[in-house]
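Worksheet for the structure shown next.
The values are calculated or read from the model by the stated rules, or taken from the named source; none is laboratory data. Just so you know, these numbers come straight off a predicted model, no measurement behind them. Ideal geometry is used to build each Cβ from the backbone, glycine not excepted, and the neighbour counts take in all protein chains shown.
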Amino acid sequence: MAVTGKGGTGKTTISALIIRHLVEMGAKPVLAVDADSNANLNMALGVPIDKTVGDLREDLSKRVQKQTLPAGMSKQDILEMEIEQATVETKDFDLLAMGRPEGPGCYCAINNMLRTFLDRISDRYQYVVVDNEAGMEHLSRRTTRGVSSMFVVSDPSVRGLETAARIRALAEEMDIGVENYWLVLSRVRGEMTAKLNEAASSTGMELGGVVPDDPEVARLDAEGTPLIELPDSSASYIAVGKILKKALQGVS
């Protein structure tokens, strides 16, 4: 499952709550992947991270250039071992943070090794939830592939919905293997206007659901409390549960 959309729409909150619902369904451990270079899914989940895949990729690239890799191990084996060590493990979920974007120089070979490893590690889990970076950069780099459900999150604005439509179009163009697209409207206040409903319909995606503007989310953010600890009665928690249920039923 991939959660994407433009910045400031609540993608990370929705990702964390999807993970929580999956865990509460008994599907654990869930693999959580923070693919946002501005990594903060760990804060929403309440766990620390020491290293990101970006850190490891940068370090490996430098060691390749300096020819300081240990003898007897392939670059693929080294990268996989270090990613395993960087993965945060809890009783309910494992978390892998992708980290910062690529710096100067060519990372093509290392990125290919990374994709190979991520494809393989995903097979260990019943569910993988990817919190993508804002916009469409991850799609153009093909870091999101083989997705059963892509939740494209938008704020309740015509401009946001136009961005959502472009994300879906690019995903189709890149042929990354998305089975179902779900439009999710986030931080909604009051009723949807006729114009917004028309714009939502024009995205070509099934409306997965609406997540209302939730004061409980603002309260936890202000307190520095992990968003995964939202009370069961919170509007966001209930809304994301309904969206996930719809997606798992495959109603599209």
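Quick notes on this one:
- Within region 30-88, the set of residues being over 23 Å from THR13 (Cα atoms) and either of a type in the set (Ser, Thr, Tyr) or not in a helix (DSSP H, G or I) (or both) comprises SER61, GLN67, THR68, LEU69, PRO70, ALA71, GLY72, MET73, SER74.
- First in region 36-65 and over 11 Å from MET98 (Cα atoms) and touching a residue at least 24 places away in the same chain (Cβ under 8 Å), second anywhere and aromatic (Phe, Trp, Tyr) and part of a loop (DSSP other than H, G, I, E, B), Cβ under 8 Å, 6 or more apart: SER61/TYR107
- From LEU79, LEU95, residue being surrounded by 14 or more Cβ atoms within 10 Å (Cβ to Cβ), at pLDDT 75 or above, in contact with a strand residue (DSSP E or B) (Cβ under 8 Å, 6 or more places away or on another chain) and within 26 Å of GLN126 (Cα to Cα): LEU95
- Qualifying residues in region 33-76 (those that are among the acidic types (Asp, Glu) and modelled with pLDDT of 85 or more) - the one nearest to GLU229 (Cα to Cα): ASP34
- Number of the condition not met by GLY46 [criteria: (1) under 14 Å from the mean Cα position of the chain (by Cα); (2) within 16 Å of ASP221 (Cα to Cα); (3) surrounded by fewer than 16 Cβ atoms within 10 Å (Cβ to Cβ)]: (1)
Yes or no, residue by residue, for (1) touching a His at 6+ places or on another chain (Cβ under 7 Å); (2) loosely packed, with under 13 Cβ neighbours inside 10 Å; (3) modelled with pLDDT of 95 or more:
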{"site": "VAL178", "(1), (2), (3)": "no, no, no"}
{"site": "ARG189", "(1), (2), (3)": "no, yes, no"}
{"site": "GLU198", "(1), (2), (3)": "no, yes, no"}
{"site": "VAL211", "(1), (2), (3)": "no, no, yes"}
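- Where a residue in region 103-128 is surrounded by 11 or more Cβ atoms within 10 Å (Cβ to Cβ) and assigned to a loop (DSSP other than H, G, I, E, B) and its partner, wherever it lies, is at pLDDT 70 or above and aliphatic (A, V, I, L, M), with Cβ under 6 Å and at least six apart: TYR125/LEU31; GLN126/ALA27; TYR127/LEU22; TYR127/ALA27; TYR127/VAL30
- If you go through region 213-238 and keep only what is under 13 Å from LEU17 (Cβ atoms) and more than 18 Å from the chain's Cα centre (by Cα), you end up with ASP214, GLU216, VAL217, LEU220, GLU229, LEU230, PRO231, ASP232, SER234, ALA235, ILE238.
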